[in-house]
Ligand code: NAD
Ligand code: TYD
């Protein structure tokens with residue numbers, strides 16, 4: 001069935017991989033990307049597909065009233081909502097920006113969908129992309145499952161938890177067809193270098209210190225971004241309305257062991273002597289309220305919808321490093337201007 005789908009945040013890291021997958025895999029669909037193009041949004045991420053006849057880009061803020069007109073104009077069948085403020089450190093310095101986009105913006109989109117779909121919800125779907133961080137922080141044992149109580153601990157995760165609650169409330173109250181996924185940390189091409197992996201790659205390449213928060217003992221579960229995009233495709237087409245699915249890589253690393261792995265890969269790729277890049281490791285002040293461990297149990301998605309991650313981390317990290325080293329221009333463009341200001345404020349000059 002041809003469909004018209006709105007993808008919000010499609011110029012960002014994960015969004016651009018989702019847009020590429022949908023535009024190329026479903027030529028019969030019309031894909032409309034809505035993005036405000038904040039510091040994290042970059043049309044370069046979509047350059048390879050932006051001439052496709054089934055792709056259209058609209059620069060807009062999800063908080064704007066214009067969103068209602070967009071729904072009237074395109075009569076969307078589905079929404080895949082990724083637009084968000086997404087970086088924990090920024091949420092610590094400017095929480096209100098997270099309330100505005102992640103909470104108010106999501107409610108605005110829900111209202112626009114409700115208004116546009118008021119005659120019939122049949123065949124419609126509002127798919128909200130969320131994070132495992134809404135579940136809070138784990139000790140060394142156990143995993144997050146879909147039934148784990150929400151216990152967000154940072155302004156970022158609190159704003160995402162709030163948006164998840166609103167999405168479920170619209171399902172319960174108005175019977176809007178919704179689905180939510182909560183995913184673990186993503187890595188791969190096109191990630192803005194404020195997040196751990198691209199920031200480390202950038203610094204190692206330029207012989208700058210690698211800032212490790214605290215003792216580097218915090219644990220994250222890493223998933224290759226293209227595998228996340230495939231999971232989103234599966235859930236959008238086969239997910240059960242009203243359900244939540246966890247998505248994860250079953251791939252836990254302490255930050256310090258991940259950084260050592262990255263240093264090894266960079267030494268090989270840059271032709272450096274073994275151990276050279278690791279000399280850049282520098283322990284810095286810990287993040288305020290730093291969550292110790294995230295670990296996802298994604299067996300529901302695997303058993304019910306047949307998704308599983310395709311790439312081993314060892315392959316994924318090599319592919320990722322190769323991408324950043326090959327796409328020097330992309331990296332140089334995104335670290336110009338405001339990035340330097342952010343970096344100096346965060347880590348010192
Ligand atoms: P990102 O920061 O790279 O991209 C966010 C995109 O949203 C950017 O293109 C930005 O311009 C756009 N945007 C921001 N505010 C907007 C607004 N008010 N109106 C319209 N567009 C706006 O983020 P990402 O890492 O690609 O994450 C995408 C989604 O996935 C987010 O909802 C995030 O919470 C979720 N998520 C991310 C991860 C991860 O590891 N990156 C893991 C799980 C879930
Ligand atoms: P990040 O990529 O910001 O993702 P999140 O906080 O959403 O998990 O950080 C991943 C981990 O790396 C987290 O434990 C914080 C840590 N970290 C550092 O040690 N140094 C850094 O410079 C950054 C950005 C993160």
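Rule-based calculations on the coordinates, nothing more; no lab input. Here the structure is a predicted model, which means the values were calculated and not measured. Note that each Cβ is placed from the backbone with ideal geometry, even for glycine, and that neighbours are counted across all protein chains shown.
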- [ ] Take every Cα pair under 8 Å in segment 173-254 that's 6+ residues apart, average their separations, divide by the length, and report that relative contact order as a whole percent.
- [x] 49
Open item on the list: Give me the extension gain from residue 327 to residue 114: residue separation times 0.36 nm, minus the current Cα-Cα distance, reported in nm with one decimal.
Closed with: 72.6 nm
TODO: Relative to the longest principal axis of the C-alpha atoms of the chain, give the angle of the C-alpha long axis of helix 155-174, reported between 0 and 90° and rounded to the nearest 10°.
DONE: 20
TODO: Assuming a ≥ b ≥ c are the square roots of the Cα gyration tensor eigenvalues, decide whether segment 44-103 counts as rounded (a/c under 1.5), prolate (otherwise, with a/b larger than b/c) or oblate.
DONE: oblate
- [ ] For segment 175-204 and segment 220-234, write down the distance between their C-alpha centroids in whole Å.
- [x] 9
- [ ] Could you work out how far the C-alpha centroid of segment 305-341 sits from that of segment 270-291, in angstrom?
- [x] 18
Open item on the list: Could you order the peptides 289-297, 303-311 from most to least packed, using the average number of other C-beta atoms within 10 Å per residue?
Closed with: 289-297, 303-311
Task: For the chain: Kirkwood Rh in Å [reciprocal of mean 1/r, alpha carbons] - done: 20.7
- [ ] Mind pulling the angle between the C-alpha long axis of helix 338-347 and the longest principal axis of the chain? Nearest 10 degrees, somewhere in 0 to 90.
- [x] 60
Task: Relative contact order computed over segment 247-346 (Cα-Cα under 8 Å; 6+ residues apart), in percent - done: 31
TODO: Just check segment 114-187 against the gyration tensor rule for me: Cα atoms, a ≥ b ≥ c as the square roots of the eigenvalues, rounded for a/c under 1.5, and otherwise prolate or oblate depending on whether a/b exceeds b/c.
DONE: prolate
Task: Whole-number D in µm²/s for segment 75-152 (Stokes-Einstein; Kirkwood sum over Cα pairs; 10 °C, 1.306 mPa s) - done: 107
Task: segment 289-329: translational diffusion in µm²/s, Stokes-Einstein, Kirkwood Rh over Cα pairs, 25 °C, 0.890 mPa s - done: 185
Task: Estimated [θ] at 222 nm from DSSP helical runs (n ≥ 4, -39500 (n - 2.57)) normalised by residues in the chain, nearest 500 - done: -12000 deg cm²/dmol
Open item on the list: For the chain, take the longest principal axis of its alpha carbons; what is the angle in degrees between that and the long axis of helix 255-270, to the nearest 10 within 0 to 90?
Closed with: 70
Task: Relative contact order [Cα under 8 Å, 6+ residues apart], the chain, whole percent - done: 17
- [ ] Compute the whole-percent fraction of alpha carbon pairs in segment 232-342 spaced more than 24 Å apart.
- [x] 51
Task: FRET efficiency, residue 48 to residue 282 (Cβ-Cβ, R0 30 Å, nearest 0.05) - done: 0.25
